[in-house]
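Q: Here it is: the structure, laid out below.
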Amino acid sequence: MKKLILVFFFGIFAFTTIQAQIIRPSRDNGLFSKDSTSFNKEVKIELNGKTNYKDYKIISINNDTTIIDTTLTIKKDYKFNYIRKDNFELLPFHNQGETYSTLAYSFENESSLPDVGFSAKQFNYYNLNDIKYYYVPTPTSELMYRTGLQQGQVLDAFLTLNTSKQFNIAIGYKGLRSLGRYRNTLASHGNFRTSFNYHTKNKRYFLKGHFYSFDFSNQENGGLTDQSIIYFENNDPNYIKRERLDVNYTNADNLFEGKRYYMDQSYALFTNKKEVVIKKSKTKKPPLNKAASLDSNLKRKDKLVAKKDSIRIMKPKLKELLAKKSIAQTQKKDSTLVKSKPETSLKIGSSFLYETKHYRFNQTSTTSIFGDSYSSTIADHTSYQKSISSLYAQFTLPYLGILKTSISNFNYNYHYKSILYLNSATIPDHLKGNAVALAADWNTNFGNVYLKAKASSILTGNINGSSLYATASFKKDSILNIQVFANYASKEPNFNKQLYQSDYKDYNWANNFSNEKYATLGFEINSNKWGMAKASYNSVNNYTYFDENSKPTQTSKTLNYFRVKAEKALHYKKFTLTNTILYQKVINGADFFRVPDIITRNSLYYSSYVFKGKPMYLQTGVTVKYFSAFKANAYNPLLSEFVLQNNSKIGNYPILDFFANAQIKRTRLFLKVENFSASFTGRNYYSAPNYPYRDLTVRFGLVWNFFI
């Protein structure tokens, strides 16, 4: 509630600073005569200068820039969920705010540093790359709303503004609450973030940073009992109301919460990107005799009179074209050539990150599912703090591109309240240490060929690891993009696999694992004509996972995993068929690494403007998703991890969703009937063993952008 109040007062502050950004238009002109991106035209705002929809910029942590997009596409429908990402390779649990089963894996961009773990809680977590920075000529906001299951909804509110061309601030909060249809499945999540970025007028000094806090709370029930599974699969009419089905327990919940502070600053010691003006010598024309000169002057006057007469009757747009042509001719006559000299610059900078994370599992009374316990009530608590301090220098040289080198100090403290003394072993209370790492990042281009590489290695410290990532791509405008990539990473397993303490006796361990080693080689092709295709071959040594007893295990086998994904849209008049297919194969390691062989998603829909004057754009159709049967990992709520199981398979059933989406100016409306095939495909749909997928559900929501 406090965060919502903060967003409200920030909105009031935004309106008080609007005058610094906007010169109010007259009543005749209007603020927005047409939408910025819906009709792919300019935003009609009267400012100190002309404003275009491309001026509303989203900036990543690596300074990659995109624009705020208010169009309606099928990809917007795919991303209209509580994590606001395309979940093609994921399978959600029945309630909004619960975890996801993973249908496919990607080992690209693996870091050389271990994470805290608790992977089932990480889907709604904002990584460092997920926090965005902005540049907007006018205050801009976005409101996302979506209904939940049984007394619930998700609301994502966001506002950003520039107090000047040099300083921007943004604030946002995403809150979720959904009761769910099964017993003890309440989800309550909060995501608060605020960011800022600043640069001096001469663009020598840059500063950006953010603050992020989160709390993800879920009630847990352990899934359906064996008898309830029989009632569910037989579609027993006495249990159509899912809250009547028995679950394994109704007295447990887990919580994942934390905060992060981040700041980055840089200063350009020198930069010499200049425009060089080259003047060409004018060639003198031979002198004319008097008769020829008089005739030439008369012809010139006749042409001038004709030109003036024609201008009087021209339309305003034609006048503008003629004026532009006249300016171009004048510039041509001046015989001056302006060229940009290749940039040479040197920047130095520093960054600092501090983050805390806490994981808690609470249960008012014990259950035999997790084994014996030390106490009658469970109150497990894991704490983790980390900080990363970096110094870097960035060189920009002609033809060699941009080279950034850095040195970082990583401090970590993963800990519990006390040391645990057992008869067979002693479980320490912490993993604490530091590491000093050296890193380099390089990118350049030669015409249409782009090269990029980044590497890091831990030089000294309590942990060791290294990573290398390289890409080479060929780009031809927006028509064709071919990319080849390779990745290697060596890192320690996540901390919760190395050390864990619990009030349940079987959930205490201290392990000394070897580094996991990942290697990936692949390519990607994007074409406007042929669609997208991406393939990769992955090899992992010392792969670490949770076995059937929920114990962390490191295999001595090499995991070899191949995957290829393709996307293509077919158009016929106002109908479109968008197809996505993923084929994957575990060549070696299928006894501990399980994925479905095939995942497909096909959307057939109709798109058109409707009503007189075309005030609304409509997209409506059906999406079907299918994945082949496989032995999916089981969900363990105590660990918030997925563990190996060999008892049952899920999959081999279609999920059919009907959708009707519409756009009215900058507002997108979404109506979806999820899994409407439930009544005629059989009740064998599961998200994970013992956890049924959602029944037929009607969802409504919207995304609304305001450009003040």
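The values are calculated or read from the model by the stated rules, or taken from the named source; none is laboratory data. Worth saying up front: this structure is predicted, and the values here are computed from it rather than measured. Note that each Cβ is placed from the backbone with ideal geometry, even for glycine, and that neighbours are counted across all protein chains shown. Quick note on the areas: whole protein, heavy atoms, side chains included, nothing else; ligands and nucleic acids left out. Shrake-Rupley method; radii C 1.70, N 1.55, O 1.52, S 1.80 Å.
Q: Is segment 593-611 home to any residue that is farther than 30 Å from GLY371 by Cβ, more than 26 Å from the chain's Cα centre (by Cα) and charged (D, E, K, R)?
A: No, the conditions are met nowhere in segment 593-611.
Q: Checking VAL624 against (1) modelled with pLDDT of 95 or more; (2) β-branched (Val, Ile, Thr); (3) under 30 Å from THR250 (Cβ atoms), which test does it fail?
A: So the condition that VAL624 fails would be (3).
Q: Let me confirm something: among TYR605, TYR617, TYR626, which residue is open to solvent by 30 Å² or more (accessible area, probe 1.4 Å), over 30 Å from GLY222 (Cα atoms) and among the aromatic types (Phe, Trp, Tyr)?
A: Values: TYR605 fails: open to solvent by 30 Å² or more (accessible area, probe 1.4 Å); TYR626 fails: over 30 Å from GLY222 (Cα atoms).
After ruling out the rest, the residue left standing is TYR617.
Q: Exactly one condition in (1) free of Cβ contacts under 8 Å to residues at least 40 places away in the same chain; (2) among the hydroxyl-bearing types (Ser, Thr, Tyr); (3) open to solvent by 40 Å² or more (accessible area, probe 1.4 Å) is false for SER457; which is it?
A: (1)
Q: For TYR212, work out the one condition from (1) over 20 Å from PRO637 (Cβ atoms); (2) open to solvent by 10 Å² or more (accessible area, probe 1.4 Å); (3) aromatic (Phe, Trp, Tyr) it doesn't fulfil.
A: For TYR212, the failing item is (2).
Q: State whether one or more residues within segment 477-485 are within 20 Å of TYR384 (Cβ to Cβ), aromatic (Phe, Trp, Tyr), open to solvent by less than 40 Å² (accessible area, probe 1.4 Å) and within 25 Å of the chain's Cα centre (by Cα). Before the answer, list the steps.
A: Kept after step one, since they are within 20 Å of TYR384 (Cβ to Cβ), are these residues of segment 477-485: none.
No.
Q: Now for a separate question. What are the residue pairs meeting all of these: first residue in segment 234-247, first residue on the phi > 0 side of the Ramachandran plot and open to solvent by less than 90 Å² (accessible area, probe 1.4 Å), second residue modelled with pLDDT under 95 and among the small types (Gly, Ala, Ser), Cβ atoms under 9 Å, and 6 or more apart or on different chains?
A: ASN235/SER679; ASN235/GLY682
Q: Answer with yes or no whether ALA437 is surrounded by fewer than 18 Cβ atoms within 10 Å (Cβ to Cβ) and more than 30 Å from THR377 (Cβ to Cβ).
A: Spelling it out, it is not the case that ALA437 is surrounded by fewer than 18 Cβ atoms within 10 Å (Cβ to Cβ) and more than 30 Å from THR377 (Cβ to Cβ).
Q: Conditions first: (1) hydrophobic (A, V, I, L, M, F, W, C); (2) open to solvent by 40 Å² or more (accessible area, probe 1.4 Å); (3) at pLDDT 95 or above; (4) more than 30 Å from ASN63 (Cβ to Cβ). ILE378 passes all but one, so which condition is the exception?
A: (2)
Q: I've got another one for you. Determine the pairs where a residue that is within 20 Å of GLN96 (Cα to Cα), located within segment 679-708, has a partner that is assigned to a loop (DSSP other than H, G, I, E, B) and small (Gly, Ala, Ser) with Cβ atoms under 6 Å apart, the partner being 6 or more residues away or on another chain.
A: ALA688/ALA632; PRO689/SER648; ASN690/GLY223; TYR691/GLY223
Q: Further question: Out of the residues in segment 367-421 that are assigned to a loop (DSSP other than H, G, I, E, B) and among the hydrophobic types (A, V, I, L, M, F, W, C), state the one that is nearest to ASN464 (Cα to Cα).
A: Applying the first criterion (assigned to a loop (DSSP other than H, G, I, E, B)) to segment 367-421 yields 367, 371-372, 374-377, 398-400, 416-419.
Narrowing the set further to residues that are among the hydrophobic types (A, V, I, L, M, F, W, C) leaves 400, 419.
Details: LEU400: 31, ILE419: 25 Å.
Here the residue is ILE419.
Every residue, every condition in (1) in contact (Cβ under 8 Å) with a residue 40 or more places away in the chain; (2) outside any loop (DSSP other than H, G, I, E, B); (3) within 30 Å of TYR488 (Cβ to Cβ); (4) acidic (Asp, Glu), yes or no:
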residue	(1), (2), (3), (4)
SER106	yes, no, yes, no
SER111	yes, no, yes, no
TYR125	yes, no, yes, no
ASN129	yes, yes, yes, no
LEU143	yes, yes, no, no
GLN150	no, no, no, no
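Q: While we're here: Is it true that GLY222 is in contact with a Pro (Cβ under 8 Å, 6 or more places away or on another chain) and under 26 Å from SER640 (Cα atoms)? Don't jump to the end; show me each part of the working.
A: On the way: in contact with a Pro (Cβ under 8 Å, 6 or more places away or on another chain): yes; under 26 Å from SER640 (Cα atoms): yes.
The answer is yes for GLY222.
Q: Do we have any residue at all in segment 130-144 that's modelled with pLDDT of 95 or more, open to solvent by less than 10 Å² (accessible area, probe 1.4 Å) and closer than 30 Å to ARG183 by Cβ?
A: Within segment 130-144 (the criterion being modelled with pLDDT of 95 or more, open to solvent by less than 10 Å² (accessible area, probe 1.4 Å) and closer than 30 Å to ARG183 by Cβ), the answer is yes, since at least one residue qualifies.
Q: Now for a separate question. Scan segment 495-518 and give yes if some residue there is among the basic types (Lys, Arg), assigned to a loop (DSSP other than H, G, I, E, B) and either within 27 Å of LEU431 (Cα to Cα) or open to solvent by less than 40 Å² (accessible area, probe 1.4 Å) (or both), otherwise no.
A: The answer is yes, given that some residue of segment 495-518 is among the basic types (Lys, Arg), assigned to a loop (DSSP other than H, G, I, E, B) and either within 27 Å of LEU431 (Cα to Cα) or open to solvent by less than 40 Å² (accessible area, probe 1.4 Å) (or both).
Q: Go through segment 643-698 and count every residue that is hydrophobic (A, V, I, L, M, F, W, C), out of contact with any Ser or Thr (no Cβ under 8 Å at 6 or more places or on another chain) and closer than 23 Å to GLY223 by Cβ.
A: Selection size over segment 643-698: 2.
Q: Evaluate the following for ASN526: is it open to solvent by 40 Å² or more (accessible area, probe 1.4 Å) and either modelled with pLDDT of 95 or more or touching a strand residue (DSSP E or B) at 6+ places or on another chain (Cβ under 9 Å) (or both)?
A: yes
Q: Something else: Within segment 423-453, how many residues are more than 19 Å from PRO114 (Cβ to Cβ) and in a strand (DSSP E or B)?
A: Residues in segment 423-453 being more than 19 Å from PRO114 (Cβ to Cβ) and in a strand (DSSP E or B): 13 in total.
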